[in-house]
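One structure below.
The values are calculated or read from the model by the stated rules, or taken from the named source; none is laboratory data. Just so it is clear, the model here is predicted, and its values are computed rather than measured. All Cβ positions, even for glycine, are placed from backbone atoms using ideal geometry, and neighbour counts span all protein chains on display.
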């Protein structure tokens, strides 16, 4: 199913576009292009997000559909298929009722995917990385026998392995 040309945008779309532009986004209105194109494409902070606009109170229709609570129209099914196809190739998509939804989607992309949970392990991680770099730096600065070289490489690898273990201990993915 494709959308007919010259469809009307959702009533909140002009305000969303204006508010997004007010914070410095470039926003392209694509609502009247045939599916698989969604309603808007927003560019901000060197990132692109594709936006499907829904009227206030209707933004959760795709979640409700996936939980089996409602059925979707043919057009909404085409929108969902477009969103899934974009997400499958790493393109961020947001269903927005307000400009805040779009802004939050951009800001979520900037958030680190991990957080420090053990400050002491993080301190030891910094020390282990420094040790490994010192050993590796010494390799480049001196001539040594192959046996001594292997020993130093082994020591550097041990330091890096310890650093990896400490990194796993000190951080947690969100």
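Applying a threshold of 8 Å to beta carbon distances and a minimum spacing of six or more residues, or different chains, the list of pairs starting in the stretch 62-76 at a residue that is assigned by TED's automatic domain parsing to the domain that holds residue 36 and ending at one that is part of a loop (DSSP other than H, G, I, E, B) and at pLDDT 90 or above reads 62/72; 64/70; 65/71; 65/72.
So, residue 118, is that one farther than 30 Å from residue 170 by Cβ and in contact with a helix residue (DSSP H, G or I) (Cβ under 7 Å, 6 or more places away or on another chain) or not?
Against the criterion (farther than 30 Å from residue 170 by Cβ and in contact with a helix residue (DSSP H, G or I) (Cβ under 7 Å, 6 or more places away or on another chain)), residue 118 does not qualify.
Taken across the stretch 113-134, residues that are surrounded by fewer than 16 Cβ atoms within 10 Å (Cβ to Cβ), under 17 Å from the mean Cα position of the chain (by Cα) and part of a loop (DSSP other than H, G, I, E, B) do occur, with at least one present.
Does residue 101 count as within 17 Å of the chain's Cα centre (by Cα) and part of a helix (DSSP H, G or I)? Quick ask: steps written out before the conclusion?
Numbers: within 17 Å of the chain's Cα centre (by Cα): yes; part of a helix (DSSP H, G or I): yes.
Yes, satisfied.
Pairs linking a residue in the stretch 97-120 that is modelled with pLDDT under 85 to a residue that is assigned to a helix (DSSP H, G or I), with Cβ atoms under 7 Å and 6 or more positions apart or on different chains, are 116/122; 116/170; 117/170; 118/169; 118/170. When the criteria are applied in full, residue 28 fails the requirement of being more than 30 Å from residue 165 (Cβ to Cβ) and out of contact with any strand residue (DSSP E or B) (no Cβ under 6 Å at 6 or more places or on another chain). Looking at 68, 59, 90, just one residue is over 13 Å from the mean Cα position of the chain (by Cα) and under 27 Å from residue 19 (Cα atoms), and that residue is 59.
When you look at residue 129, is it in the same structural domain as residue 168 (by TED's automatic domain parsing) and in contact with a strand residue (DSSP E or B) (Cβ under 7 Å, 6 or more places away or on another chain), yes or no? Before you say what the answer is, go through the steps one by one.
Working: in the same structural domain as residue 168 (by TED's automatic domain parsing): yes; in contact with a strand residue (DSSP E or B) (Cβ under 7 Å, 6 or more places away or on another chain): no.
So residue 129 fails the test.
Name the single residue, out of those in the stretch 49-78 being in contact with a helix residue (DSSP H, G or I) (Cβ under 8 Å, 6 or more places away or on another chain) and in a helix (DSSP H, G or I), that is surrounded by the fewest Cβ atoms within 10 Å (Cβ to Cβ). The qualifying residue surrounded by the fewest Cβ atoms within 10 Å (Cβ to Cβ) is 65.
Only residues that are part of a helix (DSSP H, G or I) and modelled with pLDDT under 85 were counted across the stretch 1-47, and they come to 0.
Residue under question is residue 108, and the condition is that it be surrounded by 12 or more Cβ atoms within 10 Å (Cβ to Cβ), out of contact with any strand residue (DSSP E or B) (no Cβ under 7 Å at 6 or more places or on another chain) and not in a strand (DSSP E or B); does it hold? Break it down into steps so the answer makes sense when it comes.
Numbers: surrounded by 12 or more Cβ atoms within 10 Å (Cβ to Cβ): no; out of contact with any strand residue (DSSP E or B) (no Cβ under 7 Å at 6 or more places or on another chain): yes; not in a strand (DSSP E or B): yes.
Here the answer is no, as residue 108 does not meet what is asked.
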